[in-house]
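Written out below as structure tokens is the structure these notes cover.
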Amino acid sequence: MAGPRESPILETNDIKEERREEVSLDKNKPEDKERERERDNNMAPPAGSSIHRSSSRPQLDLSKAAIQGNSEERDPTILLPNQSDDISSHLALDIGGSLIKLVYFSRHEDHSTDDKRKKNVKERLGISNGNRRSYPILGGRLHFVKFETHKINECLDFIYSKRLHHGIDSHSWLTDAPTNENATIKATGGGAYKFADFFRQRLGVTLDKEDEMDCLVAGANFLLKAIRHEAFTHREGQKEFVQIDHNELFPYLLVNIGSGVSMIKVDGDGKFQRVSGTNVGGGTYWGLGRLLTKCKSFDELLELSQRGDNRTIDMLVGDIYGGMDYSKIGLSASTIASSFGKAISENKELGDYRPEDISLSLLRMISYNIGQISYLNALRFGLKRIFFGGFFIRGHAYTMDTISFAVKFWSKGEAQAMFLRHEGFLGALGAFMSHEKHGLDDVMVHQLVERFPMGAPYTGGKIHGPPLGDLNEKISWMEKFVLKGTEIIAPVPMAPPGTTGLGGFEVPSSKGGTLRSDASALNVGVLHLVPTLEVFPLLADPKMYEPNTIDLTDHGELEYWFTVLSEHLPDLVDKAVASEGGTEDAKRRGDAFARAFSAHLARLMEEPTAYGKLGLANLLELREECLREFQFVDAYRSIKQRENEASLAVLPDLLMELDSMSEEARLLTLIEGVLAANIFDWGSRACVDLYNKGTIIEIYRMSRDKMQRPWRVDDFDVFKERMLGSGDQKPRPHKRALLFVDNSGADVVLGMLPLARELLRRGTEVVLVANSLPALNDVTAMELPDIVAEAAKHCDVLRRAAEAGGLLVDAMVSGQDGSKESSSLVPLMVVENGCGSPCIDLRQVSSELAAAAKDADLIILEGMGRALHTNFNARFKCNALKLAMVKNQRLAEKLIKGNIYDCVCRYEPAR
Amino acid sequence: MDHGSPSQEHVSHLALDIGGSLTKLDYFSRNNECSNGDNNEEKSCSKESLLVSNGDKKCPVLQGRLHFAKFETSKINDCLEFIQRNQLHLGGCQHGGAPGNEKRIIKATGGGAYKNADLFKEKLGIFLDKEDEMDCLVAGANFLLKAVHEEAYTYIDGRKEFVQIDRDDLYPYLLVNIGSGVDGDGKYERVSGTNVGGGTFWGLGRLLTKCESFDELLELSHRGNNRVIDMLVGDIYGGMDYTKFGLSSTTIASSFGKAISDNKEIEDYNAEDVARSLLRMISNNIGQISYLNALRFGLKRIFFGGFFIRGHAYTMDTISVGVNFWSKGEAKALFLRHEGFLGALGAFTSYEKHGFGDSIVRQLVQQSPLSASHAGYKIHGPLNGEWNDNESIECSVYVN
């Protein structure tokens, strides 16, 4: 018990100290970065890395500047297509009675979008150059932070340190821009009035006050429309995300529980009415709770309640009726007849009651009351859905259960209580949206990606200290965290689904013991706005599409993957550290990464829905994101390079072998080859063991020889008929095939490239679809042109197609002039898929891929991540072939009732 | 002790309402000299004789008083003693030793009627005949509203105004005891309730102020100022109203909300202020939930009963304001002078259903609005409210 209670929270002082240290560390950093850059360049010079890596300095990019509209107009708008005007970041505040919520926007650290490959692809795919128009939204990140109102100075320090009050993001410190005297910050909440002078004095900014209700509603509407897993129900300890159809969103009742409670009937964007409220809210809980328990913070009070038993203080129906139910009117013995009713009849003083019990009674009284009044108001207006937001809830299971129960009980199941993951930030988000140019109006679900950097679950979400932004801060914090002796990586046994009995009338499920210090932290990440993301247009039913094949809400499944990932971690850290040259700094970052990722895992084990609906794809992506967070750009860089080289060396032999075969034998061998080569996968434990036993080509040959049809899932004959026809009928070739590639090395070189070559030979355009960012040893879109170029040296088919696809313009130094005929040839192209994960969520793919998909009539998904873990059940509007070797016994059993190394060749004709 | 010496009178029909915090009782006493009218039968009256008189066309009238008393349930022995001393449990029998009938039955309601059944049997040798709580509340309220002149009143801005209720226009109404919807004699539905009631006020109040009694707590709240602890709209908006939604700067935004930001401990607050905030929180809430329920059923009149109110001006004021505010003046909060005794009265009236005569009480008519006799029993110390003044109703009972 002592463990979890000991607070690992760092005081602000600690963090400030840390800052000082970090200054000295910072001095070394530019060098590090320089080195890193060099390495990058060495690795892939022709891929267009000559393009400027956007430094973080804001500078106007005047290239391609043009006057928009009629240039004779006075003051015509000048369009700077390459200047993202997102230098300035927006900040908005919601200053409530007890908490200050802050939302700010920072622009992307721009990975340049201007390399030549992309330009070629764009031209090829007919993506108009002025496509800024179609993406009016700025790419960037939305951050969520909170502070206690009575520690407003911390908030001001934070704003100051991030320079948010200048309307310019943190990177602009070099510009030394003249401080705008009239800088304004959007603000809402009562404090926007109260602290207006304070902000002016301290930061020299004016708070531009926005109406509180307007903001709440705007914030809620945005969240409910733009974030996929925002709303959920919570009953008897079970959280369930609810997919809400935009067209059926309105009307609803919005109940914002802050210090007080507002109830708002929302009929549409900007259309709403405050219909009710109550003065018994979060402030009452905390205020009364403080007086009664001497707790120092809201969170402490809430944590106390976890271990409470309200029966010692509340008078229950059973207490009055001598343990009998008053069943005539549907009251069970455990129903609370009178909150705190027992405190009257006993000769006990305040000190005789456990603070835990008091806290729980109080919490129940208030939650239940809010639930009841909310329902009565929903009833008045015939509203079936009630969304609860505000900082009182804090994702606290018992609170949500109690409110849900009250709504369900009084409505006899007619109305439903729902909660929001960004519950506390409605007002701040709304204020943010009141910026004229916030650009969020048109944000679609698929353009938002939520990430959970370490700053979010451990610090950004905490009230106690400013969030950590800088890497060094983060690492120091992780180290300090460990020093404090709080073992965060200890696996936490997951409490069985809480049995709160009559929906909160009983003692809460004994989560108390497992409750960690950060339990009340926000389950809110950083929202990345990626305006170029689109829904993959070939999905047969985008609304019903669910990428994950494996649902991790199944506890056994989660536990399994938790173990797999934990066991793989040391190896991954080794590789990551090695990829950065094994320096002391890299080791330090490696340690921090391991701890951070373990902490994520522990958090998710405890509460699988903490970051939204959890699927395997999310978990795997989280790992990659976490690596990137600690600046491991590409942990498998050298391995990938080595394997690419080895595979490319044997490619000519393989191609010769293939060319000697008959058409039919060749097609089978090609598919066998893809499946066999898919054995090379650093994501699979079994395969990592294999690596130590042989060379690539040996393994490949062995693997291919072992292929024995029928495979576990074997639609090859159907596919063959579509490709080669039967009898004399020659089918028309596919127009364009999208090949979703998987791993570097043999997988792509000996497996997918020969298949691509075959398709090209048959007159099918081929688009290789690869990751935008590295994930394990997966090949990236940046790396592919080099690989293709190398392969093309030995193969005319590939060379001509690659030239036609514009892949060789830079890569082939010995520019051959035969490229004139290229336009008549079928091209080989490479597009990035928009993600940096071993899996792919086809609801969020790059605009490039979406454009490439337009003319495609064949999709080939290859590898476990993209064809099995995700998309195994996905249906497409065009023909689809899913190819993978199952390198995991559990998955084999579960998915195809087979064994490890079984193969899947699933062919599904267009729908 | 001035207890109205009920033993000198003919006591009959004791009824109990044993709640979680208070035990309420009422009983009828007949004055020896009180007979008038054309029938002397009641002179020798006992229940049995009443029964005999049943069916008589002429209406016998019993002149007497209805007495009310309350005790804390935790001190139920006081109550037993009171009953014993005044021999209330001996029913209508004039002289102590009731002949024959071993099984003395007393009507009782409230949860404690179940819980304490054995105690009553053991100590007084009486059986508690349990009546349903809601039935009793409704019967009691209906009885009061029909039979007692100047029973219901409004309380707005410190002014009490009696409301004449037309017996034919009584239904439907919302009875908040807390929480019974009523639409006619014996026809009712429990539509809602809340666990934040009098017990909460007292329980929380005791923990926060160390008061010894409910009444003391109420007394304290008289002198308190809730602005010290409650977070008002003005506190959030820097003294300004939030006019867009009709919230004035003195509207409570968050009860006890100020206690979070001050570095004050519980001892640093005046008990008076704490009591006041608590009272406002609870009465506001009751007012609101009541109104919302009245609204559901289109009820314009809400009668508030139960011991929480106790004729306490500020409580009633807050509830009235709550109802008025949320209903925009559409609905009215009404209070009952015998607010605490609905259940006990209901239990009392239930005697008739069980063979004690067609109706003793249905035709009971209150003759004079008030009696100054102090038949009741104080709990602790004096209470300056008006409640003391009507602890008994002088009345005539017409017996069919």
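The values are calculated or read from the model by the stated rules, or taken from the named source; none is laboratory data. Treat the numbers as computed from the prediction; the structure is a model and nothing was measured. Using ideal geometry, Cβ is built from the backbone for each residue, glycine included, and neighbour counts are taken over all protein chains shown. Accessible surface areas use protein heavy atoms only, side chains included; no ligands, DNA or RNA. Shrake-Rupley method; radii C 1.70, N 1.55, O 1.52, S 1.80 Å.
To keep it simple, each residue is scored yes or no on (1) at pLDDT below 80; (2) open to solvent by 30 Å² or more (accessible area, probe 1.4 Å); (3) touching a Pro at 6+ places or on another chain (Cβ under 8 Å).
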{"site": "B:ARG227", "(1), (2), (3)": "no, yes, no"}
{"site": "B:LYS244", "(1), (2), (3)": "yes, yes, no"}
{"site": "B:LEU247", "(1), (2), (3)": "yes, no, no"}
{"site": "B:LYS258", "(1), (2), (3)": "no, yes, no"}
{"site": "B:ASN270", "(1), (2), (3)": "no, yes, no"}
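Is the stretch A:554-570 home to any residue that is open to solvent by 10 Å² or more (accessible area, probe 1.4 Å), hydroxyl-bearing (Ser, Thr, Tyr) and not in a helix (DSSP H, G or I)? Let's see the steps before the verdict.
Restricting attention to the stretch A:554-570, the residues satisfying the condition of being open to solvent by 10 Å² or more (accessible area, probe 1.4 Å) are A:554-556, A:559-564, A:566-570.
Of the ones still in play, those that are also hydroxyl-bearing (Ser, Thr, Tyr) are A:560, A:563, A:566.
Then drop every residue that is not not in a helix (DSSP H, G or I), which leaves none.
No, that holds for no residue.
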Practice task
Would you mind telling me which numbered condition in (1) open to solvent by 40 Å² or more (accessible area, probe 1.4 Å); (2) in contact with a Ser or Thr (Cβ under 8 Å, 6 or more places away or on another chain); (3) modelled with pLDDT of 85 or more; (4) not β-branched (Val, Ile, Thr) B:ARG301 fails?
Solution key: (2)
Exercise for the section: Taking B:ASP168 as meeting all but one of (1) part of a helix (DSSP H, G or I); (2) modelled with pLDDT of 85 or more; (3) open to solvent by 50 Å² or more (accessible area, probe 1.4 Å), write down the number of the exception. Expected result: (2)
Exercise for the section: Provide a single number: the residues in the stretch B:277-292 that are more than 7 Å from chain A (Cβ to nearest Cβ) and open to solvent by less than 10 Å² (accessible area, probe 1.4 Å). Expected result: 8
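Identify the residue in the stretch A:397-433 that is among the polar types (S, T, N, Q) and surrounded by 22 or more Cβ atoms within 10 Å (Cβ to Cβ) and, among all such residues, is modelled with the highest pLDDT. If you could, list the steps in order and put the result at the bottom.
The initial filter retains those residues of the stretch A:397-433 that are among the polar types (S, T, N, Q), namely A:399, A:402, A:404, A:411, A:416.
Filter again for surrounded by 22 or more Cβ atoms within 10 Å (Cβ to Cβ), leaving A:399, A:402, A:404.
Details: A:THR399: 88, A:THR402: 88, A:SER404: 92.
If we take residues in the stretch A:397-433 being among the polar types (S, T, N, Q) and surrounded by 22 or more Cβ atoms within 10 Å (Cβ to Cβ), then A:SER404 is modelled with the highest pLDDT.
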Exercise for the section: Considering only the stretch B:21-36, state which residues are touching a helix residue (DSSP H, G or I) at 6+ places or on another chain (Cβ under 7 Å) and either surrounded by fewer than 21 Cβ atoms within 10 Å (Cβ to Cβ) or at pLDDT below 65 (or both). Expected result: B:SER35
Practice task
Give the number of residues within the stretch A:235-267 that are open to solvent by 10 Å² or more (accessible area, probe 1.4 Å) and farther than 23 Å from A:LYS146 by Cα.
Solution key: 18
Fill in the blank from the handout: Among residues of the stretch B:229-242 being facing chain A (nearest Cβ under 8 Å) and either at pLDDT 80 or above or closer than 21 Å to A:GLU349 by Cβ (or both), the residue surrounded by the fewest Cβ atoms within 10 Å (Cβ to Cβ) is B:VAL233
Exercise for the section: Determine if the stretch A:352-365 includes at least one residue that is of a type in the set (Ser, Thr, Tyr) and surrounded by 24 or more Cβ atoms within 10 Å (Cβ to Cβ). Expected result: yes
Fill in the blank from the handout: Here the residues within the stretch A:237-254 that are within 14 Å of A:ALA415 (Cα to Cα) and assigned to a strand (DSSP E or B) are A:TYR252, A:LEU253, A:LEU254
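Results for (1) open to solvent by 10 Å² or more (accessible area, probe 1.4 Å); (2) modelled with pLDDT under 90; (3) among the β-branched types (Val, Ile, Thr), shown as yes or no for each residue.
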residue: A:THR583; (1), (2), (3): yes, no, yes
residue: A:ASP591; (1), (2), (3): yes, yes, no
residue: A:LYS613; (1), (2), (3): yes, yes, no
residue: A:GLN631; (1), (2), (3): yes, yes, no
residue: A:GLN641; (1), (2), (3): yes, no, no
residue: A:VAL650; (1), (2), (3): yes, yes, yes
residue: A:ASP653; (1), (2), (3): yes, yes, no
residue: A:ARG666; (1), (2), (3): yes, no, no
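The rows are residues; the columns are (1) under 28 Å from A:PRO542 (Cβ atoms); (2) modelled with pLDDT of 65 or more.
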| residue | (1), (2) |
| --- | --- |
| A:HIS435 | no, yes |
| A:VAL443 | yes, yes |
| A:LEU448 | yes, yes |
| A:ARG451 | yes, yes |
| A:ALA456 | no, no |
| A:GLY461 | no, no |
| A:PRO466 | no, no |
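Residues checked against (1) closer than 25 Å to B:TRP326 by Cα; (2) part of a loop (DSSP other than H, G, I, E, B):
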| site | (1), (2) |
| --- | --- |
| A:ILE264 | yes, no |
| A:VAL275 | yes, no |
| A:VAL280 | yes, yes |
| A:ARG290 | no, no |
Fill in the blank from the handout: When (1) out of contact with any helix residue (DSSP H, G or I) (no Cβ under 7 Å at 6 or more places or on another chain); (2) modelled with pLDDT of 95 or more are applied to A:ARG911, the one that fails is (2)
Exercise for the section: Go through (1) within 28 Å of A:TYR375 (Cα to Cα); (2) in contact with an Asp or Glu (Cβ under 8 Å, 6 or more places away or on another chain); (3) in contact (Cβ under 8 Å) with a residue 60 or more places away in the chain one by one and return the number of the condition A:ALA187 breaks. Expected result: (1)
Exercise for the section: Please enumerate the residues belonging to the stretch A:366-392 that are surrounded by fewer than 24 Cβ atoms within 10 Å (Cβ to Cβ), touching a residue at least 24 places away in the same chain (Cβ under 8 Å) and more than 10 Å from chain B (Cβ to nearest Cβ). Expected result: A:PHE381, A:LEU383, A:LYS384, A:ARG385
Practice task
Examine the stretch A:720-736 for a residue that is assigned to a loop (DSSP other than H, G, I, E, B), within 35 Å of the chain's Cα centre (by Cα) and of a type in the set (Lys, Arg), and state whether such a residue exists.
Solution key: yes
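Of the residues A:ARG603, A:ARG628, A:ARG595, A:ARG623, which single one is in a helix (DSSP H, G or I), over 17 Å from the mean Cα position of the chain (by Cα) and not aromatic (Phe, Trp, Tyr)? Reasoning before the result, please.
Values: A:ARG603 fails: over 17 Å from the mean Cα position of the chain (by Cα); A:ARG628 fails: over 17 Å from the mean Cα position of the chain (by Cα); A:ARG623 fails: over 17 Å from the mean Cα position of the chain (by Cα).
Sole residue among the options that is in a helix (DSSP H, G or I), over 17 Å from the mean Cα position of the chain (by Cα) and not aromatic (Phe, Trp, Tyr): A:ARG595.
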Practice task
Look at the stretch A:848-864 and say how many of its residues are open to solvent by 10 Å² or more (accessible area, probe 1.4 Å) and farther than 17 Å from A:VAL766 by Cα.
Solution key: 1
Practice task
Answer with yes or no whether A:LYS294 is among the basic types (Lys, Arg) and within 26 Å of A:VAL524 (Cβ to Cβ).
Solution key: no
Practice task
Taking the residues in the stretch A:139-153 that are away from chain B (no Cβ under 14 Å) and in contact with a helix residue (DSSP H, G or I) (Cβ under 6 Å, 6 or more places away or on another chain) as candidates, determine which candidate is nearest to A:PRO531 (Cα to Cα).
Solution key: A:PHE144
Exercise for the section: Report yes if B:VAL274 is buried (at least 24 other Cβ atoms within 10 Å of the Cβ), without any contact (Cβ under 8 Å) to a residue 60 or more places away in the chain and among the aliphatic types (A, V, I, L, M), otherwise no. Expected result: no
